[in-house]
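Here the structure is laid out as structure tokens; the discussion comes afterwards.
The values are calculated or read from the model by the stated rules, or taken from the named source; none is laboratory data. This one's a predicted model, so the numbers in the text were calculated from it and none came from an experiment. Quick reminder, even Gly has a Cβ in these numbers, built from the backbone with ideal geometry, and neighbours come from all protein chains shown.
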Amino acid sequence: MKIPSSGMKDAEVFAKLDEYRKDDVDWSSGRVFGYVFDPGKEIMDFAKKVYNKFLTENALDFSVYPSLLRLENDLVAMLRDHLRGDDQVVGNFTSGGTESILLAVKAARDYFRLHRPEIETPEMILPSTAHAAFHKAAHYFGIKTVTIPVDSGTFRADVKETEKNITGNTIFMTGSAPSYTQGVIDPIAKLSDIARQKGIWFHTDACMGGFLLPYFKRLGRAVPDFDFSLPGVNSISVDLHKYAYAPKGASLILHRTPDLRKFQMFAFSRWLGYTMINPTVQSTKSGGPLAAAWAVLNYVGDDKYLEFAKNKLEATREIREGIESIPELYLLGQPEMTLLSFSSREVNIFHIIDEMHERGWYIQPSFSYQNIPANIHLSINLSNVGRTGEFISDLKESVKKAKTMPSGQLLSGVREMMDEQGEDFLENVDSLMALAGMEQGRLPERMAPVNEVLDSMSPQWREKILLEVTNRFFHP
Ligand SMILES: Cc1ncc(COP(=O)(O)O)c(C=O)c1O
């Protein structure tokens with residue numbers, strides 16, 4: 001493909017884009033659980049207008065665009081109030097939860113490099129439910145991870161085991177409010193207290209719940225403390241592009257004091273260009289996401305967010321009760337917000353997912369890990385409100401149908417290949433993809449056979465194979 005010699009007409013460009021889009025998940029259908037947080041057309045259209053207005057502004061340098069500095073400080077001020085921080089709490093706007101988490105880990109690493117230079121191999125302790133972004137941060141910043149299995153009944157971080165694993169090299173601990181997959185809140189008060197006593201950086205990952213949980217509390221739910229009201233919490237990540245309904249590219253990393261936040265920044269003047277001072281990972285970046293996030297918070301306002309929270313709480317209750325009414329299914333843990341996962345001892349859950357897909361729903365698989373079986377995750381949202389009855393009746397049908405479907409066929413073919421080829425198996429990812437029906441950059445219609453294969457492998461093999469597959473997909 002080459003750049004077209006003369007430009008296309010705009011209508012032609014849009015037609016092409018629509019053609020490219022035809023297989024995308026339709027987020028406006030109300031049948032998608034996750035990926036897109038849809039507040040409805042009115043707010044979405046408003047956010048797009050503001051995004052466009054600031055699309056061209058460059059947040060590289062606040063001295064050139066003081067408006068962006070002001071918008072960012074306003075957002076931090078609103079969220080530090082929401083998360084019970086005092087006027088020492090500072091923070092920055094980032095592109096998402098992952099960037100916020102990367103920055104928390106970088107800040108901790110650099111803080112300890114200065115204050116505890118004798119630590120040569122810094123370690124971080126992570127519950128097995130901590131988001132993958134922490135492992136990415138460890139990978140990027142050269143930190144050893146110590147992963148502690150969560151309690152297999154509650155799916156919450158195991159405080160005793162965590163404490164046992166603290167060493168002289170531990171610099172960072174975390175807990176989630178709530179965790180992504182099972183939607184439960186870790187014992188942040190206890191974990192952060194231990195961290196404080198031992199002089200370890202504690203980060204609350206409130207990417208999912210930081211915005212919504214305070215509303216749940218106001219609605220009378222028992223929400224344990226997870227925010228700056230706990231003296232051991234040094235930093236919090238809270239995403240605005242999730243339950244605050246800002247367009248994507250919107251999260252905040254908050255620190256208890258400017259002295260802690262300093263360690264997340266980067267300044268460089270030893271080259272022939274401008275002095276680069278980046279509070280966050282990105283350098284040149286559009287002002288669009290920031291302005292849109294600011295505008296959405298102001299436009300929606302507290303009363304409406306509370307009403308949204310009430311609707312989501314109700315929808316989650318309906319879905320949860322619906323799942324519990326299906327004898328073949330069971331919930332993992334006791335979900336505390338709007339995120340949950342469920343599994344089955346007798347039906348192949350990957351077939352359930354495919355059957356739901358056939359009925360127009362998009363739901364997400366999680367593979368088995370340690371002793372936790374493969375399960376189906378739902379992030380319940382405003383767009384799903386009013387569709388819970390339909391969802392549960394389709395889920396019942398899907399379970400019934402999935403029961404009748406065969407399992408393990410692709411798996412036995414792949415096992416044969418693996419047995420024959422051993423370690424060379426990775427060299428033959430192309431034949432594996434052909435066997436699985438992944439051709440010409442497309443996934444098969446039914447993913448259950450592929451998911452079964454991936455689920456049967458060790459996580460290390462899964463990572464290796466999916467990396468190879470992805471390396472092939474991103475190839476023109
Ligand atoms: C608890 C938690 N932390 C972090 C993240 C990462 O956020 P992002 O996808 O915006 O990078 C997520 C995403 O779902 C999450 O649920």
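Worth pointing out:
- Condition met for Ala130 (of a type in the set (A, V, I, L, M) and outside any helix (DSSP H, G or I)): yes
- Considered as a group, the residues in segment 321-334 that are without any contact (Cβ under 8 Å) to a residue 24 or more places away in the chain and over 21 Å from the mean Cα position of the chain (by Cα) include one that is farthest from Val399 (Cα to Cα), and that residue is Glu321.
- Qualifying residues in segment 76-97 (those that are closer than 15 Å to Gly210 by Cβ and β-branched (Val, Ile, Thr)) - the one nearest to the ligand (Cβ to nearest atom): Thr94
- Residue within segment 111-120 that is at pLDDT 95 or above, assigned by TED's automatic domain parsing to the domain that holds Lys190 and within 16 Å of the ligand (Cβ to nearest atom) present: no
- In segment 441-452, the residues that are buried (at least 19 other Cβ atoms within 10 Å of the Cβ) reach residues that are assigned to a loop (DSSP other than H, G, I, E, B) with C-beta atoms within less than 6 angstrom, at least six apart or across chains, in these pairs: Val450/Ala436.
A quick yes/no check of all residues on (1) of a type in the set (Val, Ile, Thr); (2) surrounded by 17 or more Cβ atoms within 10 Å (Cβ to Cβ); (3) farther than 18 Å from Asn381 by Cα:
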{"position": "Gln197", "(1), (2), (3)": "no, no, yes"}
{"position": "Thr204", "(1), (2), (3)": "yes, yes, yes"}
{"position": "Tyr215", "(1), (2), (3)": "no, yes, no"}
{"position": "Arg221", "(1), (2), (3)": "no, no, no"}
{"position": "Pro224", "(1), (2), (3)": "no, no, yes"}
{"position": "Phe228", "(1), (2), (3)": "no, yes, yes"}
{"position": "Asn234", "(1), (2), (3)": "no, yes, yes"}
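- Verdict on Lys190 being near the ligand (Cβ under 10 Å from one of its atoms), surrounded by fewer than 20 Cβ atoms within 10 Å (Cβ to Cβ) and either within 30 Å of Gly288 (Cα to Cα) or of a type outside the set (Gly, Ala, Ser) (or both): no
- A Cβ distance below 9 Å, combined with a sequence gap of six or more or placement on separate chains, defines the contacts here; from segment 47-74, residues that are farther than 22 Å from Val89 by Cβ reach residues that are basic (Lys, Arg) in the pairs Asn58/Lys285; Leu60/Lys285.
- Residue match in segment 136-154 (condition: in a loop (DSSP other than H, G, I, E, B), within 12 Å of the ligand (Cβ to nearest atom) and either under 17 Å from the mean Cα position of the chain (by Cα) or under 18 Å from Ser237 (Cα atoms) (or both)): no
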